[in-house]
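Participant: Got a structure for you, written out below as structure tokens; questions coming shortly.
The values are calculated or read from the model by the stated rules, or taken from the named source; none is laboratory data. Since the model is a prediction, treat every value here as computed from it, not as a measurement. Cβ sites come from the backbone with ideal geometry, for glycine too, and all protein chains shown count toward neighbours. All accessible areas refer to the heavy atoms of the entire protein, side chains included, with ligands and DNA or RNA removed. Shrake-Rupley method; radii C 1.70, N 1.55, O 1.52, S 1.80 Å.
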Amino acid sequence: MVMTSEQAVEAAALASKPRSPWADARRRFFRNKAALAGLAILVFVVGFALFGNSLAQWSNEELDYNVMGQIVELGGPSFASGHYFGTDDLGRDLFARTVQGTQISLAVGLVGALIACVVGTLYGAVAGYFGGRTDNIMMRLVDIFMAVPYMFVLILLLVMYGRSITILFAGIGLISWMEMARIVRGQTLTIKGREFVEAARATGVSAPIIILRHIVPNLLGVIAVYATLLVPLMILTESFISFLGLGVQEPLTSLGALISEGAGTIAYGTTWQLGFPLLFFCLTLFGLFFVGDGLRDALDPKDR
Amino acid sequence: MDLFSYILKRLAIAIPTLLLLIVISFLLMHSAPGGPFTSERELPPQVLANLNAKYGLDDPLWKQIGNYVWGIVSEFDFGPSFVYKDRSVNEIIAQGFPITLTYGLLSFAVAVIVGVGLGVAAAVRHNTLLDYVAVGVSIGAQVLPNFVMAPILVLVFTLWLGWLPGGGWQGPEYWIMPVIALSTSFMASIARITRSSMLEVLTSNHIRTARAKGLPERLVILRHALKPAMLPVISYLGPAFVAMITGSVVVDIYFSTGGIGKAFVDSALNRDYAVMMGVTILVGALTIFFNLVVDILYGWIDPKIRY
């Protein structure tokens, strides 16, 4: 077989010096154009969320009395009025609102994914490590939980205990750890038979320490991949709930809540109210999906 | 183990799951702060006591759960609504369910047929313009969930073009936008899954053999490649079905279609716990049933699977 130049370079690199698996993964990731594009989009969106407010000429709470009542004629996007994205139907600056919404959506995504990761990893690792009856019962429970229509339960929780952002965070995180638990358990099953675990056990290390010190660090690649893919799903869930008006409440807002507001007012001709939040929502998801896919290709041992 | 005993075994798991779901949602409802009759208007204690007695709310907890479960199991009766005094939960659900079922099944069919078609076409014409278009469409549609599609569709087809009615449920022209809104992102996922699994199958030995013995390409694809390539798609159908039922909430709100999603959100806003529980349990039961069907289908397509 003829080597392409790329393969030749790779072979030469292989021969010259040893590389860690992480360096390998990094190289694969940076060679993936879609992943790089996703990363660029993501950097832009995060930058927008973090530094957008310093560009805004209005805060997200101020009402612009000049445009109030004449949103359709005067509230459109313009540099002259300082409303780059226009205003919402109350005369608030949509640019500042979109910055705020992006911040909250990203935060919900990250916190939800973090909760899901911690709970799912510990649950899956414990079930996989102990095996036998413990494993059986724990995973059967996951099967049962997975049949629960979680969106309905989440709405039920939000209605009963008030529509607070804490409940939203906790609820989104706590319903999404199950897939993670399954993946981690599967990986743990293969790792726990390896020599280093055996050695740790032989020297009398206790089970919790083995799980935390020896098993979980070896799962970090898998966890990182599914965590990145979880973030957009968390954002989707939050936006769905907020679109129904049950999620983040005023004066806070999220991209889903802004899309909902925009969707409610398109009939009056204020399409910018839908357009800009929608654009940032789609960009965020795009970036996260591409980076997640890229990470999976780079870190997942299956496709090597 | 044969198929029949496999189904029995799965049912043996499904029934306790369902019971657990009922009990959990009942306990959730019970632990909610404020009873169903705490309203802005203070009720006289005697009236409240009578109401509680009528709805059985002063029975001990285990008896309430028992009655509720028994009502569902023996007569499929979810009890009375707490808000609409003259209507039962069954009536409210029965009103919306046929609507949800209609656009839900249509969306499901559209997502599967278009998604599989697009995925197969992209895989067969790998690395051609058609493939790139299909991949582009499926990546783009991935970030267009129902609540994003719905306003965009209304904006384009109702407000700009004036072709379709923006909401309501009267004839087939009212079905088009809900079905598109609900099916787009699933269509995209199915197309992606189909494409990658089809590409994998097309390089396998049995396809090379089929081609080598001179079968026309159409038959190779339809008869030999499609079936094994469908396995990952089928395992995606379970979660997709649940997500579509969930999406019906958005569709019902945005297009005023009047399905069970509307009943659910209305009852959520009215704190009509009985209706919320009824819908949750119904959706849970549908999910369990659908997962069972998917598992059976999976075993039927892949004879290697031992139950």
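Participant: Looking only at segment B:256-273, which residues are in contact with a Gly (Cβ under 9 Å, 6 or more places away or on another chain), surrounded by fewer than 24 Cβ atoms within 10 Å (Cβ to Cβ) and among the hydrophobic types (A, V, I, L, M, F, W, C)?
Facilitator: Listed by number, the residues that qualify are B:VAL265, B:LEU269.
Participant: Now for a different question. Would you mind finding the one in B:LEU61, B:LEU48, B:LEU57 that is over 28 Å from the mean Cα position of the chain (by Cα) and within 30 Å of B:VAL249 (Cα to Cα)? Reasoning before the result, please.
Facilitator: Values: B:LEU61 fails: within 30 Å of B:VAL249 (Cα to Cα); B:LEU48 fails: within 30 Å of B:VAL249 (Cα to Cα).
So the residue among B:LEU61, B:LEU48, B:LEU57 that is over 28 Å from the mean Cα position of the chain (by Cα) and within 30 Å of B:VAL249 (Cα to Cα) is B:LEU57.
Participant: Regarding B:LEU231, is this residue within 13 Å of chain A (Cβ to nearest Cβ), more than 19 Å from the chain's Cα centre (by Cα), among the aliphatic types (A, V, I, L, M) and surrounded by 13 or more Cβ atoms within 10 Å (Cβ to Cβ)? Lay out the reasoning, then the answer.
Facilitator: Numbers: within 13 Å of chain A (Cβ to nearest Cβ): no; more than 19 Å from the chain's Cα centre (by Cα): yes; among the aliphatic types (A, V, I, L, M): yes; surrounded by 13 or more Cβ atoms within 10 Å (Cβ to Cβ): yes.
The answer is no for B:LEU231.
Participant: Of all helices (runs of 4 or more DSSP H) completely enclosed by segment A:1-101, which ones contain at least 2 residues that are among the hydrophobic types (A, V, I, L, M, F, W, C), modelled with pLDDT under 75 and surrounded by fewer than 18 Cβ atoms within 10 Å (Cβ to Cβ)?
Facilitator: Working: elements: A:5-16, A:21-31, A:33-55, A:71-74.
The helices (runs of 4 or more DSSP H) meeting that bar are A:5-16, A:71-74.
Participant: Just one of (1) within 13 Å of chain B (Cβ to nearest Cβ); (2) outside any helix (DSSP H, G or I) trips up A:PRO251, so point out which.
Facilitator: That leaves (1) as the condition not met.
Participant: Shifting gears a bit: Kindly indicate the residue of segment B:147-172 that is more than 8 Å from chain A (Cβ to nearest Cβ) and assigned to a helix (DSSP H, G or I) and also most open to solvent (accessible area, probe 1.4 Å) among those meeting that condition.
Facilitator: B:TRP160
Participant: Checking B:GLU42 against (1) modelled with pLDDT under 80; (2) open to solvent by less than 40 Å² (accessible area, probe 1.4 Å), which single condition isn't satisfied?
Facilitator: Tallying (1) modelled with pLDDT under 80; (2) open to solvent by less than 40 Å² (accessible area, probe 1.4 Å), B:GLU42 fails exactly one: (2).
Participant: Under the condition of being modelled with pLDDT under 80 and small (Gly, Ala, Ser), which residue from segment A:264-290 is least open to solvent (accessible area, probe 1.4 Å)?
Facilitator: This residue is A:GLY269.
Participant: Test of understanding: among A:VAL148, A:VAL159, which residue is assigned to a loop (DSSP other than H, G, I, E, B), within 20 Å of B:LEU27 (Cβ to Cβ) and within 13 Å of another protein chain (Cβ to nearest Cβ)?
Facilitator: Numbers: A:VAL159 fails: assigned to a loop (DSSP other than H, G, I, E, B).
When all the criteria are applied, what remains is A:VAL148.
Participant: Can you spot a residue in segment B:247-254 that is polar (S, T, N, Q), at pLDDT 85 or above and within 30 Å of B:TRP70 (Cβ to Cβ)?
Facilitator: Taking segment B:247-254 first, the residues polar (S, T, N, Q) are B:248.
With the extra rule that they be at pLDDT 85 or above, the set shrinks to B:248.
Adding the requirement that they be within 30 Å of B:TRP70 (Cβ to Cβ) leaves B:248.
Scanning segment B:247-254, I find at least one residue that is polar (S, T, N, Q), at pLDDT 85 or above and within 30 Å of B:TRP70 (Cβ to Cβ), so the answer is yes.
Participant: Pick out the one residue from B:GLY278, B:GLY258 that is in contact with a helix residue (DSSP H, G or I) (Cβ under 6 Å, 6 or more places away or on another chain) and part of a helix (DSSP H, G or I). Talk me through it step by step, then tell me what you get.
Facilitator: Values: B:GLY258 fails: part of a helix (DSSP H, G or I).
From the options B:GLY278, B:GLY258, the qualifying one is B:GLY278.
Participant: Let me ask something additional. Would segment A:211-229 turn up any residue that is within 13 Å of chain B (Cβ to nearest Cβ) and free of Cβ contacts under 8 Å to residues at least 12 places away in the same chain?
Facilitator: Going through segment A:211-229, the residues within 13 Å of chain B (Cβ to nearest Cβ) turn out to be A:229.
Narrowing further to those that are free of Cβ contacts under 8 Å to residues at least 12 places away in the same chain: none.
Within segment A:211-229 (the criterion being within 13 Å of chain B (Cβ to nearest Cβ) and free of Cβ contacts under 8 Å to residues at least 12 places away in the same chain), the answer is no, since none of the residues qualifies.
Participant: Could you tell me whether segment A:229-245 includes any residue that is open to solvent by less than 30 Å² (accessible area, probe 1.4 Å), among the β-branched types (Val, Ile, Thr) and farther than 23 Å from B:MET149 by Cα?
Facilitator: no
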